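The values are calculated or read from the model by the stated rules, or taken from the named source; none is laboratory data. As the structure is a computational prediction, the values presented were derived from the model and not from experiment. Note that each Cβ is placed from the backbone with ideal geometry, even for glycine, and that neighbours are counted across all protein chains shown. Please note that ligands, DNA and RNA were not included when accessible areas were found on the heavy atoms of the full protein model with its side chains. Shrake-Rupley method; radii C 1.70, N 1.55, O 1.52, S 1.80 Å.
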Amino acid sequence: MKFDTPAGRNPIDQLKVIGKPTDRIEGPYKVTGTAPYAYDWHDPTLTPLYGFVVGSGVAKGRIAGMDLTTAKAAPGVVTIVTAETAGPLGLGQFNTAPLLGGPEVAHYHQAVALVVAESFEQARAAAALVRVDYDEAKGAFDLAASRGSAKAAKIQTNPAETAIGNFEAAFGKAAVRLEETYTTPNEAHAMMEPHASIASWEGDALTVWTSNQMIDRSVSDIVKTLKMPKEKVRLISPFIGGGFGGKLWIRSDVILAALGARQAGRPVKVALTRPLMFNNTVHRSGTIQRIRIGADTDGTIIAIGHESWSGNQVGGRPEGAVAQTRLLYAGSNRMTAERVAALDLPESNAMRAPGEAPGLMALEMAVDEMADRLGMDPVQFRIKNDTQVDPEKPERPFSQRQLVAALRDGAERFGWSKRVATPGQVRDGRWRVGLGVAAAFRNNQVMKSGARVRLGADGMVTVETDMTDIGTGTYTIIGQTAAEMMGVTLDKVVVRLGDSSFPISSGSGGQWGANSSTSGVYAACAKLREAVTQKLGFNSDDAVFEDSQVRSGNRSLPLAEAGELVAEDAIEFEGLANKYQQSTFGAHFVEVGVDAATAEIRVRRMLAVCAGGRILNPKSARSQVIGAMTMGVGAALMEELVVDKTRGFFVNHDLAGYEVPVHADIPHQEVIFLDEVDPISSPMKAKGVGELGICGCAAAVANAIYNATGIRVRDYPITLDKLLERMPDAA
Amino acid sequence: MTQFGELDFNRREVVAGASACTALTILPLTARAEAATVGSPPVLSPVAFTVNGERRELQLDTRTTLLDAVREHLHLTGAKKGCDHGQCGACTMIVGGRRINSCLTLAVMHQDDDITTIEGLGKPGALHPMQAAFVKHDGYQCGFCTPGQICSSVAVLAEIEAGIPSHVTVDLTAKTELTTIEIRERMSGNICRCGAYSNIVDAMTEVAGRQG
Amino acid sequence: MRAFSYERPTTPAEAASAIAARPDAKFIAGGTNLLDLMKLQIEMPAHLVDVNGLGLDKIEPTAEGGLRIGALVRNTDLAADGRVRKEYGVLSRAIVAGASGQLRNKATTAGNLLQRTRCPYFYDTAQACNKRQPGSGCAAIGGISRQLGVIGTSEACIATNPGDMSVALRVLDATVETVDAKGATRTIPIAEFHRLPGDTPQVETALKPGELITAVSLPRPVGGTHFYRKVRDRASYAFALVSVAAIVQRDGSGRVAFGGLAPKPWRVEAAEADLPEGAKRVADRAFAEAKPTRDNAFKLKLAERALDAVLTEARG
């Protein structure tokens, strides 16, 4: 099904199942520990060996020699995979650094060997006996030091540089100006489930149970890496213990499990250990961002410029932190520039709202600072500079843009009018209290997505698609979509996901999953409805699917009467993205307390108001947003992969060192969804919210800290040591 | 509970290339390993404990953690290995009535212990009240930390009831109060990167209210 | 983790002699730190002596009016003990400020005293660490040191003792009771229990090889108001940047020890005389010899301000 004109009325608009806050259909399995994640498979026909990854002990250089003698002789060891035994490997389209290093080492903890043994304990013990001698080379590990050598780089559809009007001239003559530099640190996805795979060969055919967000892409990259035909690979990933972008691609566990299984002649299971993950896998790059805003004294922005520097392995993508600045606020003179510096740190790649999340950490702090300089309320300043069209192409409207409504609604609900504009004025016992606001913005991407829908003789509807549920609620919204389309209750729908033998979907990423994948199911269901009406002899135009019946005029038949039928289709998006800018918007409001003595920062209240198209399931969508807000708190206050700039690695490479928020850091969170249906987006008229929720959140925290203390910290994370000396009572 | 048919997650028949027997050296419990070479053979030790009401007897490499014994040997994979270092709480089990990180304890140290894993609390179709509350309040997203969160939740309510103090307990000598602040502090050893915290507190509050 | 044999003796003397016989053996109690380190090849015992069956899990009154805490008393039980809560509040407070509920249910009194540093370079076997591998150097010096020591450190090691409980025991003037393989017992004042690194950072305590901790004794309660103020980035389940254990009397006198600053709980008795004069005076004296790094100099200010907050609260 092509989607190239705005959606008209369709069966989804009935909203009998869609739009209801339904419990997750896979919930009972998750809460009883019976949902099988990658490392959980205990198929009686699988008696896998255990693989343990050896990571490089240097960041850059060459393996001078490897002594495997002791390791090979260790009890239980079956085989050891190294670059030498693996032979030449390809490089996946979505990988920058090779997944198996040697003789060249591209980064710290890059896998250099996999020890395969009869038990986990034996594999781990033997891995410690692998002796590797390195010729260590000097590397570049410091983004700030490499900033000068960074190169302009485009990312996706965003050019490396944009220029509208005459930024320099307009900025130069602006009555009120801001020019500041902000930094965001390297961040880790730190999903709770480590990357894990079980690989099994049957002749030349490979089956991998893994944890992956993008099944088809990843099959393609397995094929590319192992140089084998695509039809010989099957990837199975029905449950994913979190991804946040970190599982958009294959990682070393997949390839090493496959190589180990081939070498051993038996299935092999591999999970990356937590202390290895941080340097072995990918992370969000740190950024340096320079923002310049010029405005008239009435608060009208006349010039806005945003430049970003990030780091990556040679050939890797930039973070993309300036993308939102092209669209978020009005202003006739604008520029952006995106640059990437070659670093020998582990590979940077996409993490939840790549680009926008760190971009808004800087931009929305800068906007707060600008409002302060103008003496304007930051909510009002944002409202004043709203735009309903693409500021670079005014002929191109936003399909929906409710930023102003979100700001106004949130301000009202949060009690914004009680905020004391002068910072450092409010005290509650030991706490200095402040309020902060920030805009949320994330583009709506749409991706081709397919599905197969079966009608059973028992009237059950089974949906199959290689779509993944990474905690996003996909099982449920796909079930809701099929139920709505086929006129059955949700318990009559079976949803099967995450298997490469199913039709290719959009996968989960970039906030496109919910809208795209349900649209694919919509397309397949539309086809199935055709087949049903034909089979039952109904006129397809006026057939109504309802209560497990099909009705036309006064004739009505049970859906099951149609017998077994299968339909497969995909949604393909064409053209509308050029005519309309599709984005999601919101506003974050945060109250923080900063300890007057120690500058410890604790978030006291949080509210997000979101406009993201039709909300398919308000319960799971709300969870997406609160989860993103939680990650936003982490980004604001604690998350940082700390770089040892001499040895070239992330030092805090475990979950004690890399702090993410715990229960005690997070207060009750409020989420409001504004009414919105977006017929430009898809037949579901939905968009997404999973990344919108993190966008701007950290800046709202930062702005609240400023309001509480009068201290502006432009280097994230905002930890107490950056406030302490400047605290009002610090004398 | 038919959403997945009979939990048919598309298992594929695969042929194992070799038999599953393992090559371990078996030593009596009291024997001492040969001094010092790091590649010394595994020491096997018998251990018996009760898991979810069922007596289980195992012969284990002494290095096997309780978590790995339950997951890899008993094939109860509800408890998860999120970090294997006591830094996340995904492996939480209730042993002798107390929640612990099963990744940081050796299986052989649990002779005759009474162990409850998430599978022992309830099953799909017969959920424990806390499990049902997690479903109702969407106290999870990806579900990976969930078994640990739920085992902890059940134990936390019992700890408050038993008057065990916490970091946020205001008066050490007064009766411990059941507040959301207490719940958040006590649950802080269970990390949820999806960020379901706010919902988990709602689920626990509801169950606590029902109990109270 | 290398293979190890395992035994579970039933008397302290048996346990001590089981260890004395083999230099590559270790006691295991709660296991929450030892197993963590064994998985990373930082600790590599070939034999484990499980001391959980020794019956050292009681809290008893002493003839002097204090408390004798068995070495195997779990952190949870110690913090929850009625007498500890009433008379030694700083100890309860310190324990519940540490780790998580799960860890406190396993961790023991003796094990907690022996908790090793959380320095990230100690934890990464590809990095130089004099504590892990004597003579290999210290990658933390000149590396990342925000969490690390500001005082009592040496040219060989700048690691901190990560404990909370031991900081409280320090202000309580606890003593550590031990037994050795020959059955000889001794008591070690807590002040002498943890060692400064000097040029042997691998030696962290006054324990001799094979010596087993049997109990920790607390002297008679000293009254006063008890505080344990722990400062960290996230609100829970994190090691201290700085912590302050304090007992403050009505007249403003008292005792104070600091955690997170040094290789051992940091208490300078001479500085305590200045408590009535305020936090700055105490900090100036207690931290006179500090040698912070650029990354962690803030800890000195932070410790002073945390103490100031405690004293403010004590004044009510």
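Being assigned to a strand (DSSP E or B), open to solvent by 20 Å² or more (accessible area, probe 1.4 Å) and polar (S, T, N, Q): is that true of A:S540 here?
no
Can you give me the number of residues within the stretch A:443-461 that are in a strand (DSSP E or B), more than 14 Å from chain B (Cβ to nearest Cβ) and open to solvent by 10 Å² or more (accessible area, probe 1.4 Å)?
The total comes to 1.
Quick one: which of C:P209, C:P197 is closer than 30 Å to A:D142 by Cβ and either assigned to a loop (DSSP other than H, G, I, E, B) or at pLDDT 95 or above (or both)?
After ruling out the rest, the residue left standing is C:P197.
Filter the stretch A:6-58 down to residues that are in a loop (DSSP other than H, G, I, E, B), within 14 Å of another protein chain (Cβ to nearest Cβ) and either within 30 Å of A:T210 (Cβ to Cβ) or open to solvent by less than 10 Å² (accessible area, probe 1.4 Å) (or both), then give me how many there are.
Looking only at that region, the number is 22.
Residues of the stretch A:544-574 being buried (at least 19 other Cβ atoms within 10 Å of the Cβ) and at pLDDT below 95, which ones?
none
Given the options C:K131, C:K86, name the one that is open to solvent by 10 Å² or more (accessible area, probe 1.4 Å), farther than 18 Å from C:E177 by Cα and within 11 Å of another protein chain (Cβ to nearest Cβ).
On inspection, the qualifying residue turns out to be C:K86.
Restricting to the stretch A:407-426, count the residues that are under 27 Å from A:I711 (Cα atoms), open to solvent by less than 60 Å² (accessible area, probe 1.4 Å) and within 28 Å of the chain's Cα centre (by Cα).
4
Tell me which of these A:K645 doesn't satisfy, since it passes every other one: (1) within 14 Å of chain B (Cβ to nearest Cβ); (2) over 13 Å from A:V590 (Cβ atoms); (3) out of contact with any strand residue (DSSP E or B) (no Cβ under 7 Å at 6 or more places or on another chain).
Answer for A:K645: the failing condition is (1).
Please count how many residues of the stretch B:36-68 are exposed (fewer than 15 other Cβ atoms within 10 Å of the Cβ) and at pLDDT below 95.
Of all residues in the stretch B:36-68, those exposed (fewer than 15 other Cβ atoms within 10 Å of the Cβ) come to B:36-37, B:46, B:48, B:53-55, B:57, B:59.
Those left that are additionally at pLDDT below 95: B:36-37.
So the answer is 2.
Name the one entry in A:V625, A:V592 that is part of a strand (DSSP E or B), crowded, with 24+ Cβ neighbours inside 10 Å and not assigned by TED's automatic domain parsing to the domain that holds A:G509.
Testing whether each residue is part of a strand (DSSP E or B), crowded, with 24+ Cβ neighbours inside 10 Å and not assigned by TED's automatic domain parsing to the domain that holds A:G509 leaves just A:V592.
Report the residue count in the stretch C:213-228 for those that are in contact (Cβ under 8 Å) with a residue 60 or more places away in the chain and surrounded by fewer than 24 Cβ atoms within 10 Å (Cβ to Cβ). Outline the logic, then answer.
We begin by selecting, within the stretch C:213-228, every residue in contact (Cβ under 8 Å) with a residue 60 or more places away in the chain; these are C:213-221, C:225-228.
When the remaining residues are screened for being surrounded by fewer than 24 Cβ atoms within 10 Å (Cβ to Cβ), the result is C:214, C:217, C:219-221, C:225.
Total meeting the criteria: 6.
Scan the stretch B:159-166 and tell me whether some residue there is within 9 Å of chain A (Cβ to nearest Cβ), in contact with an Asp or Glu (Cβ under 8 Å, 6 or more places away or on another chain) and not polar (S, T, N, Q).
Scanning the stretch B:159-166 turns up no residue that is within 9 Å of chain A (Cβ to nearest Cβ), in contact with an Asp or Glu (Cβ under 8 Å, 6 or more places away or on another chain) and not polar (S, T, N, Q).
Going by the structure shown, is B:L127 open to solvent by 10 Å² or more (accessible area, probe 1.4 Å) and either closer than 19 Å to A:M192 by Cβ or more than 9 Å from chain C (Cβ to nearest Cβ) (or both)?
Taking the combined requirement at face value, the residue satisfies it.
I'd like to know if the stretch A:384-397 contains one or more residues that are touching a Ser or Thr at 6+ places or on another chain (Cβ under 6 Å) and either within 23 Å of A:G693 (Cβ to Cβ) or open to solvent by 20 Å² or more (accessible area, probe 1.4 Å) (or both).
Of all residues in the stretch A:384-397, those touching a Ser or Thr at 6+ places or on another chain (Cβ under 6 Å) come to none.
The answer is no, given that none of the residues of the stretch A:384-397 is touching a Ser or Thr at 6+ places or on another chain (Cβ under 6 Å) and either within 23 Å of A:G693 (Cβ to Cβ) or open to solvent by 20 Å² or more (accessible area, probe 1.4 Å) (or both).
Which residue pairs have Cβ atoms closer than 7 Å, lie 6 or more positions apart in sequence or on different chains, and pair a first residue in the stretch A:179-192 that is more than 14 Å from chain B (Cβ to nearest Cβ) with a second residue that is in a strand (DSSP E or B) and open to solvent by 10 Å² or more (accessible area, probe 1.4 Å)?
A:E179/A:R292; A:T181/A:I288; A:T181/A:R290; A:T183/A:I288; A:T183/A:D715; A:N186/A:V643
Give me the residue from the stretch A:484-518 that is closer than 27 Å to A:E231 by Cβ and among the polar types (S, T, N, Q) and, out of that set, most open to solvent (accessible area, probe 1.4 Å).
A:S501
Look at A:T85 and say whether it is of a type in the set (S, T, Y), in contact (Cβ under 8 Å) with a residue 24 or more places away in the chain and in a strand (DSSP E or B).
Judged against the criteria, A:T85 is not a match.
Any residue in the stretch C:91-105 that is closer than 22 Å to C:I247 by Cβ sitting within a Cβ distance under 8 Å of a residue that is of a type in the set (D, E) and surrounded by fewer than 24 Cβ atoms within 10 Å (Cβ to Cβ)? List the pairs, counting only those 6 or more apart or interchain.
Once the first residue is closer than 22 Å to C:I247 by Cβ and sits in the stretch C:91-105, its partners that are of a type in the set (D, E) and surrounded by fewer than 24 Cβ atoms within 10 Å (Cβ to Cβ) give C:S92/C:D81.
A:V223 is checked against (1) without any contact (Cβ under 8 Å) to a residue 12 or more places away in the chain; (2) out of contact with any Lys or Arg (no Cβ under 7 Å at 6 or more places or on another chain) and fails just one. What number does that condition carry?
Status for A:V223: all satisfied but (2).
May I ask you to list the residues in the stretch A:195-235 that are assigned to a loop (DSSP other than H, G, I, E, B) and either buried (at least 24 other Cβ atoms within 10 Å of the Cβ) or away from chain B (no Cβ under 12 Å) (or both)?
A:H195, A:D204, A:S211, A:N212, A:Q213, A:M214, A:K227, A:M228, A:P229
Going residue by residue through the stretch C:111-126, is there one that turns out to be surrounded by fewer than 24 Cβ atoms within 10 Å (Cβ to Cβ), hydrophobic (A, V, I, L, M, F, W, C) and farther than 30 Å from B:R186 by Cβ?
yes
I'd like the full set of residues that are open to solvent by 10 Å² or more (accessible area, probe 1.4 Å) and not in a loop (DSSP other than H, G, I, E, B), limited to the stretch A:666-706.
Once the filter is applied, which keeps residues that are open to solvent by 10 Å² or more (accessible area, probe 1.4 Å) and not in a loop (DSSP other than H, G, I, E, B), the stretch A:666-706 yields A:E670, A:V671, A:I672, A:F673, A:Y706.
Taking the stretch A:64-85 as the region of interest, how many residues are of a type in the set (A, V, I, L, M, F, W, C) and open to solvent by 20 Å² or more (accessible area, probe 1.4 Å)?
Summing the residues that are of a type in the set (A, V, I, L, M, F, W, C) and open to solvent by 20 Å² or more (accessible area, probe 1.4 Å) in the stretch A:64-85 gives 7.
Over 18 Å from the mean Cα position of the chain (by Cα), over 30 Å from C:P12 (Cα atoms) and hydrophobic (A, V, I, L, M, F, W, C) - does that describe any residue in the stretch C:154-165?
yes
Restricting to the stretch A:365-381, what's the tally of residues that are among the small types (G, A, S) and either open to solvent by less than 10 Å² (accessible area, probe 1.4 Å) or in contact with a helix residue (DSSP H, G or I) (Cβ under 9 Å, 6 or more places away or on another chain) (or both)? Explain how you work it out, then say what you get.
Step one: filter the stretch A:365-381 for residues among the small types (G, A, S), giving A:366, A:371, A:375.
With either open to solvent by less than 10 Å² (accessible area, probe 1.4 Å) or in contact with a helix residue (DSSP H, G or I) (Cβ under 9 Å, 6 or more places away or on another chain) (or both) added as a condition, the list becomes A:366, A:371.
Here the count works out to 2.
Among A:T70, A:T96, A:T85, A:T79, which is the only one that is polar (S, T, N, Q) and closer than 16 Å to A:L49 by Cα?
One residue alone meets the criteria, A:T79.
Considering only residues that are in a loop (DSSP other than H, G, I, E, B) and aliphatic (A, V, I, L, M), which ones fall in the stretch A:326-367?
Once the filter is applied, which keeps residues that are in a loop (DSSP other than H, G, I, E, B) and aliphatic (A, V, I, L, M), the stretch A:326-367 yields A:L327, A:L328, A:A330, A:L343, A:L345, A:A350, A:M351, A:A353.
What single numbered condition from (1) in contact (Cβ under 8 Å) with a residue 12 or more places away in the chain; (2) out of contact with any Leu (no Cβ under 8 Å at 6 or more places or on another chain); (3) under 27 Å from C:G210 (Cα atoms) fails to hold for C:A159?
(2)
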